[in-house]
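Undergrad: Below you will find the structure I want to go over with you.
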Amino acid sequence: MSHPIERPRRLRKSPSIRNLVREVDLAPEHLILPLFVTWGKNRKEPISSMPNVFRYSTDLLPDILDEAWNAGVRTVLLFGIPEIKDDSGSEALNPDGPVPLAIGAIRTHNPGFVIMTDVCIDEYTTHGHCGLVCGDTIQNDPTLDILANMALLHAQAGADIVAPSDMMDGRVLAIRHMLDQNAFTDTLILSYAVKYASALYGPFRDAMMSGPQFGDRSSYQMDFRGIKDAMREARLDAEEGADILMVKPAQAYLDIIVRVSGMTDLPVAAYQVSGEYSMIVAAGQNGWIDQDRVVIETLTAIRRAGAQMIVTYFAVEAAKILSRRP
Ligand code: PBG
């Protein structure tokens, strides 16, 4: 009778030994909580395709902020839903819009938060595209000005990090120039460098009421059949002055996270997007999976692939699960 020469099971013998050899950690400070902020007062609106996620008016932010802070979450990512949309997304540049107001409210309530803002006009335009539209084409260069001004507005309001998610060519450079010219040399840029055109954004578009009214986003977001395009986008955004590179979505793109983190010396972020959230919640609500365990397993896998930080609608929930299980 021959015996195995190697016995990997020895390293799995007890919880303490497993913890001793554990390679990847997940902690609340790795998690970034997206917040949908809207106009008006006393508004907390549910989103049907995203159970437990709400749109908040700025006066209602303190409760969710306290809950997040107490769970150990230190970073939020703000998305604005304006009262009025138009062709050019002009509300994106309103200093009294939901995002600048929310930045002020968060700073006043708890100056400890790292405040990150989404920079993109799709939530502000009637056509729902991330760039200005002429006929049926999405215009790159005219959009850059708006994005740079939007980033400046957020920086002036007190954002620590601006996060362009539009996928226009050259926007990181345009934003970096604008920030530098206005002495915001310390404002970080987290670029959605590698953003695939994904069906997993569906529930988010319900949340923001931002689905494109014609066509789709495949002339600016990336084709999911490609790898080289991801390497190119990541390299360009780093050259243009990004501080952090993000890959999005996460779960179906772990191979891309591995590659991007291998080719850059910048920190890498990943976005566990709305569809990833809703699929886990739906299966959890049906009792088909153990939601808490799947949340921790998927987030840890994203860390294992090489992301330092993760944007996730599970941020507060995951932080609470982690604090219950040392
Ligand atoms: C665009 C933007 C989108 C998301 C983040 N920023 C939507 C899109 O590109 O259609 C998706 C986030 C998610 O699905 O959770 N401003």
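Undergrad: Check every one of the strands (runs of 3 or more DSSP E) wholly within region 235-326 and list those with 1 or more residues that are touching a helix residue (DSSP H, G or I) at 6+ places or on another chain (Cβ under 6 Å), within 13 Å of the ligand (Cβ to nearest atom) and under 21 Å from Phe54 (Cβ atoms).
TA: Here the list reads 309-312.
Undergrad: Pick from Asp59, Asp25: which is among the charged types (D, E, K, R), closer than 30 Å to His127 by Cα and out of contact with any strand residue (DSSP E or B) (no Cβ under 9 Å at 6 or more places or on another chain)?
TA: The conditions single out Asp59.
Undergrad: For region 232-257, how many residues are crowded, with 16+ Cβ neighbours inside 10 Å and either more than 30 Å from Gln181 (Cβ to Cβ) or of a type in the set (Lys, Arg) (or both)?
TA: 8
Undergrad: Would you call Gly128 open to solvent by less than 10 Å² (accessible area, probe 1.4 Å), in contact with a Ser or Thr (Cβ under 7 Å, 6 or more places away or on another chain) and either modelled with pLDDT of 95 or more or within 16 Å of the ligand (Cβ to nearest atom) (or both)?
TA: Here the answer is yes, as Gly128 does meet what is asked.
Undergrad: Step by step: first the residues of region 178-215, then only those that are β-branched (Val, Ile, Thr) and either in contact with an Asp or Glu (Cβ under 9 Å, 6 or more places away or on another chain) or open to solvent by less than 10 Å² (accessible area, probe 1.4 Å) (or both), then the one that is farthest from Leu245 (Cα to Cα). Which residue is that?
TA: The extreme case among them is Thr187.
Undergrad: Right, next: State whether the residues of region 212-229 include one that is without any contact (Cβ under 8 Å) to a residue 60 or more places away in the chain and closer than 22 Å to Ala102 by Cα.
TA: no
Undergrad: Could you list, in sequence order, all residues of region 1-38 that are surrounded by 12 or more Cβ atoms within 10 Å (Cβ to Cβ), assigned to a loop (DSSP other than H, G, I, E, B) and in contact with a Ser or Thr (Cβ under 7 Å, 6 or more places away or on another chain)?
TA: Residue satisfying the conditions is Leu26 alone.
Undergrad: Here is a list of conditions, (1) within 19 Å of Leu35 (Cβ to Cβ); (2) under 17 Å from the mean Cα position of the chain (by Cα), and Thr298 meets all of them except one; can you say which number that is?
TA: That leaves (1) as the condition not met.
Undergrad: When you scan region 159-177, how many residues do you find that are open to solvent by 20 Å² or more (accessible area, probe 1.4 Å) and either within 12 Å of the ligand (Cβ to nearest atom) or more than 19 Å from Val311 (Cβ to Cβ) (or both)?
TA: Selection size over region 159-177: 6.
Undergrad: Would you say Asp136 is of a type outside the set (S, T, N, Q), within 19 Å of Ser218 (Cα to Cα) and in contact with a Gly (Cβ under 9 Å, 6 or more places away or on another chain)?
TA: Considered against the rule, which asks whether it is of a type outside the set (S, T, N, Q), within 19 Å of Ser218 (Cα to Cα) and in contact with a Gly (Cβ under 9 Å, 6 or more places away or on another chain), Asp136 comes out as yes.
Undergrad: Looking at region 192-220, which of its residues are away from the ligand (no atom under 12 Å from the Cβ), of a type in the set (Gly, Ala, Ser) and assigned to a loop (DSSP other than H, G, I, E, B)?
TA: Matches in region 192-220: Gly215, Ser219.
Undergrad: Of all residues in region 221-231, how many are surrounded by fewer than 16 Cβ atoms within 10 Å (Cβ to Cβ) and assigned to a helix (DSSP H, G or I)?
TA: Qualifying residue count, region 221-231: 2.
Undergrad: Would it be correct to say that Arg325 is of a type in the set (Lys, Arg), surrounded by fewer than 24 Cβ atoms within 10 Å (Cβ to Cβ) and at pLDDT below 95?
TA: Spelling it out, Arg325 is indeed of a type in the set (Lys, Arg), surrounded by fewer than 24 Cβ atoms within 10 Å (Cβ to Cβ) and at pLDDT below 95.
The values are calculated or read from the model by the stated rules, or taken from the named source; none is laboratory data. These numbers were taken from a predicted model, which means no experiment stands behind them. Every residue, glycine among them, receives a Cβ derived from its backbone with ideal geometry; neighbour counts consider all protein chains shown. Ligands, DNA and RNA are excluded from the accessible area calculation, which covers all protein heavy atoms including side chains. Shrake-Rupley method; radii C 1.70, N 1.55, O 1.52, S 1.80 Å.
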